[in-house]
Each structure stands twice: as C-alpha cells, then as structure tokens.
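Beneath this line is the structure, given in structure tokens, with notes to follow.
The values are calculated or read from the model by the stated rules, or taken from the named source; none is laboratory data. Values in this document were obtained by computation on a predicted structure and should not be read as measured data. Quick reminder, even Gly has a Cβ in these numbers, built from the backbone with ideal geometry, and neighbours come from all protein chains shown. These area figures cover heavy atoms from the full protein model, side chains too; ligands, DNA and RNA do not enter into them. Shrake-Rupley method; radii C 1.70, N 1.55, O 1.52, S 1.80 Å.
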Amino acid sequence: MQTVREYGSGEKTVVLVHGGPGAPGYMASLARDLEDEFHVFEPFQRGCGAEHLTVELHVNDLQQVIESRSEKTKPVVVGHSWGAMLALAHAAAYPDSLSALVLIGCGTFDADSRRQLELTRQERMQQDWAKQTKQVISQYSNGDERMQAMGRLCKRLDSCDLVEKDDGEMPCDSLAHAESWSDMLRLQADGVYPQQFKEVSVSAIMLHGQADPHPGEMIYQNLKTFIPHLEYQEFNQCGHYPWLERAAKVEFLSTLKHWLNQNL
C-alpha cells in the first residue's frame, strides 16, 4: 500500500477498501461520516509497476495494513464494489484477522450477474449517454484519464440523486485496473471464487442500493450458497454509492453505524 489515510481516533477500528480496481481515494467522504465514532483507515491499493498485480497481492497488502494499524482490536473491513470483492477474498484468506465484514454495492462473481449488470446499464443509456461515452473515448488518449472520465459518467448512470461532496478521488490507474480485474476473472473461471468464501466465518452483511445496476439479489443468492450467515439489506432510491444518495444516505449511515457498533 502506498498511502493510508487516517480519520478519527476511537478505539473501534474500521478499514475501508475502495473499488475500481485502480480508483483510490473516493471513499474519503464515507470515512469522514464515520470518524466521529470510529478510527477509520482508508488504504490505497497498490498501483501498476514492476510486479504484475494479482488478487493475492492485494489481499496480502490489506493484511499488512490490518496488522500494522489494528494492533489492539480486530477491525471491521468495509469494502465497496471491487473493494467488497477484495474484502471477501481477504476474509477467506485471513479469517482470524477481522471482526466482521461489510459489502457495499458488491461486485459480481458469475457470468449471469455480469450480464444483468450490463443489460441494466444499457437500458439506462439514452442517446446522450452514448454520445458522451464516444466523446470521452475520442477526447482522452491517456488510459488513466479516460478511465477517470468514464468513471464520472458511470457514477451518474449508476446512481439516483447524488449529494455533491469532495470525495477525495485520486488519479486512476488503468493498468492496475486491467491487471487486477483480469486476475479476479481468472480466479472465478478456475473455480476459486466464490467457492473459497466458505472460509469466511465472521459476521457479514451486504448493503445494496435498490437502483444499483449491480444486481444485489442475484449476487446475494450466489454468495449465500457459500456464506450461509450472510445478511442482506437493500435501500430504496439508492444506487451504487449509498453514502452519497440524497434519499438514502441517512438510513444507510444509521444502518452501517449500528451494525459496526454491534460487531466491534
């Protein structure tokens, strides 16, 4: 991990795992919403470089953060999107290093869920969206800048009514995205995930927006086969970023904080 941002100073520790992959920093506003009650760490995942990125590398990096930052208590790991997938992989590999697991807008672990995700996005795309997408592709020759611009478009597509906040996003890393996601797909194709999630023994909950194009119920039913104790709660008028949704934010944060306090 190159960077770990720290918030609050409570005895109860929360580790936020960002999505992307290759899109660090955007969970800052959620960290600030939690810092009044919790000691929050927001690690940035390893970027591209000399070593080809794998899920295993990211998992081990996350474990190093937990070991170095949570000496007295086991943290709750809160992952968003790709970060929820990574948090699950970590919980399966290091089940004794955390106290509980929260999956926000969890990503997909099977082809059917990915197809549904793409269908939902296509249904929402009007002519202006297609036009904007083409403009982004033609405007940005740099892969990292193109990924950042496409991320902003998809954020609006995947949401209902966002409250504008400084979410602290950093430059994207398109090669890190490609390498990390490719390895996740390989592991799924090889039957490693979600089968390995049978090792997840800690309390776990999915918090999902009803309007999130990631099909929450499908993803939940798939994961529950391997994690029978997994809980699920859905929020109305809420997309992929519940802590930024105008209609759902208060209920989401109340639910999240209550669950964290119960499991720390």
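Here is the list for segment 18-124: GluC sites (Glu not before Pro) lying in DSSP coil, each with at most 11 other C-beta atoms within 10 angstrom of its C-beta, are Glu51, Glu71. Farthest towards the positive end of the charge dipole of the chain, among the residues Leu253, Ala93, Met125, is the Cα of Met125, using unit charges on the Cβ of Lys, Arg, Asp and Glu. Shown here: percent of Cα pairs over 29 Å apart, derived from the displayed model; of the candidates (1) 39; (2) 45; (3) 25, it corresponds to (3).
Looking at segment 164-243, which GluC sites (Glu not before Pro) are DSSP coil and have at most 11 other C-beta atoms within 10 Å of their C-beta?
Numbers: sites: Glu164, Glu169, Glu179, Glu199, Glu217, Glu231, Glu234; in loops: Glu164, Glu169.
In loop regions of segment 164-243 (DSSP not H, G, I, E or B), the sparsely surrounded GluC sites (Glu not before Pro) are Glu164.
For the chain, the per residue solvent-accessible surface stands at 45 Å², with DNA, RNA and ligands left out and a 1.4 Å probe. Loop-located trypsin sites (Lys or Arg not before Pro) across segment 24-131 with a Cβ neighbour count of 14 or fewer within 10 Å are Lys72, with loop assigned by DSSP. Against the chain, whose longest principal axis comes from its Cα atoms, helix 82-93 is set at around 30 degrees. Measuring only protein heavy atoms, the 1.4 Å probe finds Asp110 accessible over about 40 Å².
The long axis of helix 127-139 is offset from the longest Cα principal axis of the chain by roughly 80 degrees.
Measure out, as a whole number of angstrom, how far apart the alpha-carbon centroids of segment 171-222 and segment 5-44 sit. Between the Cα centre of segment 171-222 and that of segment 5-44, the gap is 20 Å. The C-alpha atoms of the chain define a longest principal axis, and helix 111-124 lies at about 50 degrees to it.
Highest GNM mean-square fluctuation among Asn222, Asn142, Asn236, for the chain modelled with Cα contacts below 10 Å: Asn142.
Counting protein heavy atoms only, the chain has 47 percent of its accessible area on carbon and sulfur, 1.4 angstrom probe.
Within the same chain, lysines fewer than 8 places from Lys198 are excluded, and of the rest, those with a Cα less than 17 Å from its Cα are Lys224. Over all Cα atoms in segment 1-112, the spread is summed up by Rg and Dmax: 13.2, 42 Å.
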